[in-house]
1. Please list, ordered by chain and number, the residues whose modelled amide H lies under 5 Å from the amide H of Leu20; skip anything fewer than 5 residues away on the same chain.
2. Could you tell me which label, among [x] 29.2, 98; [y] 16.6, 48; [z] 18.6, 59, carries the value of Rg and Dmax of the Cα atoms in Å calculated for this structure?
3. What fraction of the DSSP beta bridges in region 1-104 is antiparallel, stated in percent and rounded to the nearest 5?
4. For the chain, modelled as a Gaussian network with Cα springs under 10 Å, which listed residue fluctuates most, His42, His114, His190?
5. Rounded to the nearest 20 debye, what is the charge dipole size of region 1-128 about its Cα centre when +1 sits on each Lys and Arg Cβ and -1 on each Asp and Glu Cβ?
6. Would you calculate the separation in nanometres between label points at Ser220 and Glu50, each defined as 7 Å from the Cα along the Cα-to-beta-carbon direction?
7. Label points 7 Å out from Cα along the Cβ direction at Asp98 and Ser134: separation in nm?
8. Starting at the first residue of region 145-161, write each ³J(HN,Hα) from the Karplus equation 6.51 cos²θ - 1.76 cosθ + 1.60 with θ = phi - 60°, in whole Hz, x for Gly and Pro.
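Nothing in this text is a laboratory measurement; each read-out follows from the coordinates by a stated rule. Note that the structure is a prediction, hence the values are computed from the model and not measured. All Cβ positions, even for glycine, are placed from backbone atoms using ideal geometry, and neighbour counts span all protein chains on display.
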Amino acid sequence: MARLFDMHVHTTRGSSDSNLSPEEMVLEAERLGFMGICITEHSGPWDQHEFRSFAAKHNQVLVRAMEVETNMGHILAFGLDSYQPGISDARVLRKAADSAGGFIISAHPFRGLHSSLPSRKPLLYSNEGEVPTSVEEATLHPVFGLVDAVEVANGGTADAENRFALDVAKELGLRVTGGSDAHSLHGVGHCITVFDGEVNSQEEFMNALRAGSFYPAVLSPNNKSSEGSWVPIPEPFS
């Protein structure tokens, strides 16, 4: 049913900083021509019963997930049933994901790296460590030894910072993903993840993640119609 997934979306249902309603989200995804959405709320995954009821009303393949603010930046977590005590520690989150058969992704790891504001540092370095000046330095951050993949196409992050994340992931041999990080109607689908085969359910989505059969892409800046086309990474950042 779906090959194109926006793997990073926030709605008013579970993210206080979003003004995108769940209904608006699915309608915009349909307009853009893709059928997979990962709802990664800040407050934790939706209640299972509420999620099933909502998903049953729509044709999209919807995936229940969350974005966790950890001591090593923001991490997208898939496959965890609920928010668990202690997972704000990235190492605890890794253990929880392993226990649940989950999958975790470092989200927009270098957002703010090229900020003109000296006080603004990437979240990875807000607690400790010097901000890296090279890809080689950046690969040493311990988060990259914990996560399964790195988000290298994030709709709310500058191209140069996305490109830096891509270079770090390539250096480490880590898998890479894309997601809009949409908090409003305007951002939905700007960045996506393309799966090699059809994905018809959340279970198939998790299996495809573990298999690594995906790649990130961005919406072509020259195509804003409902027939929107996506350009694979790394071309947009070349």
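1. Distant-sequence amide H within range of Leu20: Thr12.
2. [y]
3. Details: 8 of 18 bridges.
Counting DSSP beta bridges with both partners in region 1-104, the antiparallel share is about 45 percent.
4. Of His42, His114, His190, the most mobile in the Gaussian network model is His114.
5. 320
6. 3.9
7. Once both label points are built, they end up 3.2 nm from each other.
8. x, 10, 7, 8, 7, 10, 7, 10, 10, 10, x, x, 10, 4, 4, 5, 6
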